Amino acid sequence: MDALFCSRLPVNLICAQRFVRKICQNCKEPLDVPPPSRCSMPAFSQEEVATTKISIGKGCGTCNKTGYKGRVGLYEVMEINDELRELILVGASALELKRKRSIRECSRFARVV
């Protein structure tokens with residue numbers, strides 16, 4: 001982000017988006033994933049990992065044998081606090097910004113269907 005842009009405009013939030021494929025509801029089947037593999041999901045609590053049901057699309061005529069039908073948006077909204085604004089103004093790299101704890105503290109994820 002350009003430092004001049006950031007200093008002249010009151011930027012309060014940054015939003016990033018990703019679109020991911022949805023599993024086809026017509027051919028969706030449960031997938032048995034062993035508990036040790038589930039432990040490597042850092043975005044979820046242990047309780048969520050234990051109760052989450054994982055599925056796979058086998059492929060059918062509805063999804064053109066891909067197992068996927070449609071997309072869903074995943075959005076991350078990050079509030080720009082004073083510490084982060086200062087780092088942007090001095091020209092910190094994206095890697096430096098990611099390393100700062102303030103980014104993790106002010107990030108929020110949202111799933112929009």
Residue in region 88-98 that is touching a Lys or Arg at 6+ places or on another chain (Cβ under 7 Å), surrounded by 10 or more Cβ atoms within 10 Å (Cβ to Cβ) and modelled with pLDDT of 75 or more present: no
Any pair with Cβ under 9 angstrom, 6 or more apart, that starts in region 55-72 at a residue that is over 22 Å from residue 32 (Cβ atoms) and ends at one that is in a loop (DSSP other than H, G, I, E, B) and β-branched (Val, Ile, Thr): 69/62; 72/113
Any hit, region 11-25, residues being in contact with a Phe, Trp or Tyr (Cβ under 7 Å, 6 or more places away or on another chain) and either at pLDDT below 75 or acidic (Asp, Glu) (or both): no
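The values are calculated or read from the model by the stated rules, or taken from the named source; none is laboratory data. This structure is a prediction, so every number in the text was calculated from the model and none was measured. FYI the Cβ positions are ideal-geometry reconstructions off the backbone, even for glycines, and counts take in every protein chain you see.
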